[in-house]
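Q: Before we start, here is the structure in question, set down as structure tokens.
The values are calculated or read from the model by the stated rules, or taken from the named source; none is laboratory data. Quantities reported herein were computed from a predicted structural model and do not represent experimental measurements. Glycine gets a Cβ as well: all are built from the backbone with ideal geometry, and neighbour counts include every protein chain shown.
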Amino acid sequence: MSANTGVSTGIGVVGSIIIAISCGYMAYLKGRGKWLWGILGFFFTLVILIIVMLLPRKTRRP
């Protein structure tokens with residue numbers, strides 16, 4: 001294993017963590033489960049980020 005492969009993997013993991021946090025935060029703001037969407041964002045990155053961005057805000061029923 002070359003050092004370059006380790007750096008690429010590290011960058012990928014850091015990117016996934018950043019996207020996971022972003023997905024969780026956006027889901028939280030929209031009234032959805034932050035942990036679920038954060039975990040999905042870690043594994044499926046950009047696809048879930050786009051889905052969370054397009055989701056409507058959940059409205060609370062009186």
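Q: Can V13 be described as at pLDDT 95 or above and aliphatic (A, V, I, L, M)?
A: Details: at pLDDT 95 or above: no; aliphatic (A, V, I, L, M): yes.
For V13, the condition - at pLDDT 95 or above and aliphatic (A, V, I, L, M) - is not met.
Q: Within the group I51, I11, I21, which residue is touching a helix residue (DSSP H, G or I) at 6+ places or on another chain (Cβ under 7 Å) and of a type outside the set (D, E, K, R)? Working first, answer last.
A: On the way: I51 fails: touching a helix residue (DSSP H, G or I) at 6+ places or on another chain (Cβ under 7 Å); I11 fails: touching a helix residue (DSSP H, G or I) at 6+ places or on another chain (Cβ under 7 Å).
Testing whether each residue is touching a helix residue (DSSP H, G or I) at 6+ places or on another chain (Cβ under 7 Å) and of a type outside the set (D, E, K, R) leaves just I21.
Q: Something else now. Consider I17 against the criteria (1) closer than 22 Å to K58 by Cα; (2) under 8 Å from the mean Cα position of the chain (by Cα); (3) not small (G, A, S): it satisfies all of them except one. Which criterion is unmet?
A: The failed condition is (1).
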